[in-house]
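One structure is given below, encoded as structure tokens.
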Amino acid sequence: MWALLPLKDFVQAKQRLAGSLTVSERRGLFHAMVEDVLTILVAHPGLTRIVVVSDDPAAQLLAEHYEVDCWSERDLNARGLNDVVTAALHRVADLTKDNLTNNTAAMVVHGDLPLLSGQELTSLIGRHAELMLEHPSAVSIATDRHGQGSNILVCDPANIPRFAYGSESRIAHYNAAMAMGLPAQVINLPGIAQDIDIREDLQRLLATPVNSSAKHTLLYLQQAGVAQRLQQLDGNAANISPQAWSVS
Ligand SMILES: Nc1nc2c(ncn2[C@@H]2O[C@H](COP(=O)(O)OP(=O)(O)OP(=O)(O)O)[C@@H](O)[C@H]2O)c(=O)[nH]1
Ligand SMILES: O=C(O)[C@H](O)COP(=O)(O)O
């Protein structure tokens, strides 16, 4: 199976944390989360090829460091997550069209999943393989903890659903598969489900055991002083005004 990791420009990442983290902290956090995700992806025996899809030079450097491919959005002639993922999957379909194994599924993985683990990837790949017995172009969606997002989506690059990342994408992707007559499943895996979008997600992450897979992320949050600041603010939350949570 292929894995595609679309990454937006790092300074633009994690806008929903702008009230709690500085620009440099959001960038550092995103970089650390991507390192955690790449660490798990490159170690997984079920992934035949891993491709970062990004125009950011930092993404290119990470791809080199982890010895994976990097495709640029410019080369794909696409902009915005849905177009970029669609174009990248078309390229995968093109590159795999002569593959006779009938096993050319691809997963689209988001960069903000520091608690992604090898066991969960194995479980997702296994469950997708079972659904592929019903139809080779089946769709599996590993959703977020609210059941609304598509944190990892697995599909057939040669027969992709219409991508609709954004709010409530899980239901949109499920319906898109159904409209194409493809079997689809929604899978809940607790690590994959914990994407980091808002401050509450960071608090939950900081409460996880230090031996979790989020090693780069937890180390970054400690070293940058973000963990201490959030914990201190949380401790004082009852006594301070909401503005005190913000950073300028
Ligand atoms: N290559 C590429 N990746 C993108 C783009 N937009 C989002 N992504 C990636 O897609 C995944 C989900 O991203 P989003 O939810 O849109 O953005 P985010 O940075 O996680 O969060 P917010 O800025 O708070 O919305 C992350 O891995 C992003 O880096 C894009 O335009 N191009
Ligand atoms: O549809 C989605 O899953 C969102 O666009 C992207 O995910 P996020 O919740 O990680 O930002």
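The values are calculated or read from the model by the stated rules, or taken from the named source; none is laboratory data. These numbers were taken from a predicted model, which means no experiment stands behind them. Neighbour counts run over all protein chains shown; Cβ positions are idealised from the backbone, glycine included. Just the protein is used for accessible areas: all its heavy atoms, side chains included, with ligands, DNA and RNA removed. Shrake-Rupley method; radii C 1.70, N 1.55, O 1.52, S 1.80 Å.
Of all residues in the range 201-219, those satisfying the criterion of being without any contact (Cβ under 8 Å) to a residue 60 or more places away in the chain and surrounded by fewer than 16 Cβ atoms within 10 Å (Cβ to Cβ) are 203, 204, 207, 209, 210, 211. Looking at 160, 171, just one residue is of a type in the set (Val, Ile, Thr), out of contact with any His (no Cβ under 7 Å at 6 or more places or on another chain) and open to solvent by less than 50 Å² (accessible area, probe 1.4 Å), and that residue is 160.
Checking each residue in the range 1-17 for being outside any helix (DSSP H, G or I) and over 30 Å from residue 97 (Cβ atoms) picks out 9, 13, 14.
Just one of the listed residues (41, 17, 5) is open to solvent by less than 20 Å² (accessible area, probe 1.4 Å) and within 16 Å of residue 122 (Cβ to Cβ), namely 41.
A Cβ distance below 8 Å, combined with a sequence gap of six or more or placement on separate chains, defines the contacts here; from the range 18-35, residues that are part of a helix (DSSP H, G or I) reach residues that are charged (D, E, K, R) in the pairs 26/14; 29/14; 30/14; 30/112; 33/112. Looking only at the range 20-37, residues that are open to solvent by less than 10 Å² (accessible area, probe 1.4 Å) and either among the aromatic types (Phe, Trp, Tyr) or within 16 Å of residue 5 (Cβ to Cβ) (or both) come to 5 in all.
Go through (1) open to solvent by 50 Å² or more (accessible area, probe 1.4 Å); (2) away from ligand 2 (no atom under 16 Å from the Cβ); (3) not in a helix (DSSP H, G or I) for residue 51 and report which single condition fails. The one condition residue 51 does not meet is (1).
Checked against the criteria, residue 198 counts as within 16 Å of ligand 1 (Cβ to nearest atom), of a type in the set (A, V, I, L, M, F, W, C) and open to solvent by 20 Å² or more (accessible area, probe 1.4 Å). What are the residues in the range 98-146 that are within 16 Å of ligand 1 (Cβ to nearest atom), over 13 Å from the mean Cα position of the chain (by Cα) and open to solvent by 10 Å² or more (accessible area, probe 1.4 Å), if any? 145, 146, listed by residue number.
Rundown of residues vs (1) over 18 Å from residue 152 (Cα atoms); (2) within 9 Å of ligand 1 (Cβ to nearest atom), yes/no style:
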{"residue": "8", "(1), (2)": "no, yes"}
{"residue": "20", "(1), (2)": "yes, no"}
{"residue": "65", "(1), (2)": "yes, no"}
{"residue": "85", "(1), (2)": "no, yes"}
{"residue": "92", "(1), (2)": "no, no"}
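Here residue 222 meets the list (1) open to solvent by 60 Å² or more (accessible area, probe 1.4 Å); (2) in contact (Cβ under 8 Å) with a residue 60 or more places away in the chain; (3) part of a helix (DSSP H, G or I) almost entirely, failing just condition (2). Each residue in the range 1-38 was checked for being over 21 Å from residue 224 (Cα atoms) and over 12 Å from the mean Cα position of the chain (by Cα), and 2 of them qualify.
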